[in-house]
Amino acid sequence: MNTEIQLSQTISRDLVPQTVFKHLAGNGLQLANQAGGIINLTVVIPGDASATPSSPMQLSDEYYNLFVVHEDYYDDSSVLVPKDRALTQFGDAAAEFVDKYGSFTPEAIAVLKTYPCIFANENHQYGKTDDDHMAYLGIITRLRVQDTGIKVYFQKLSEFPQQRLNDIAYELGIKKPKGFNDLNRTHWLLKQIPLIEELDRAGIPVQFNQPS
């Protein structure tokens, strides 16, 4: 089954049985991943001559990337993560992920790009934030190691109030003692949790909208 939609970048998906898309009113498409399925993606970046259609990229829901940065290091299409907070033990990443991905080799980057992502900036309070503070579900489109940190370019797929993530902190593996959680400090973590399934279970809409 092939479904094509238009975002700020063009994404086509070949879906496997574990992943179900439902058409919504208007131009929306809603994802319900019921068993940690795999979505095949081809991402084309407008204006980038090197970004031509090729073999689909597999997006796995076995793990997810969590990006949390201060708002000064966050814009509409990229985040900048300090090197000492990017998949390092100082950034609370599990040692196995530090060893496997922390070197940011081309092979490691290719795997990291297959995991869905949460992009957020730091909570405004311990363990909670304002109602209008938004977070995003997305995918990594490009990654660059530079002197100032790890620059991660991304494609937003949907947005929702960040407080909804605080509400399911335990389910997402981000809960910490004394009201603190992983949304309260800058870092890039990798979590072995089926993100899409947990968002769907919590009633957080995972919706891919094309422009009207």
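Only the coordinates and a few stated rules stand behind these numbers; no lab work does. All values derive from a computational prediction rather than experimental measurement. Cβ sites come from the backbone with ideal geometry, for glycine too, and all protein chains shown count toward neighbours.
At a Förster radius of 41 Å, what calculated FRET efficiency corresponds to the Cβ-Cβ distance of Arg185 and Glu107, to the nearest 0.05? Using R0 = 41 Å, I get an efficiency of 0.90.
Full extension of the chain between Ala202 and Arg144 gives 17.5 nm of extra length, using 0.36 nm per residue less the Cα-Cα distance.
For region 67-109 and region 131-184, what is the separation of their Cα centres, given in Å? Taking the Cα centre of region 131-184 as reference, the centre of region 67-109 is 12 Å away. For Asp132 and Arg164, the difference between the fully extended length at 0.36 nm per residue and the C-alpha to C-alpha distance is 10.4 nm. From least to most packed, judged by other beta carbons within 10 angstrom and beginning with the fewest, Leu195, Leu80 follow the order Leu80, Leu195. Using Cα positions and a limit of under 26 Å, work out the lysines in reach of Lys113, with same-chain residues fewer than 8 apart set aside. The qualifying lysines are Lys22, Lys83, Lys100, Lys151, Lys156, Lys175, Lys191.
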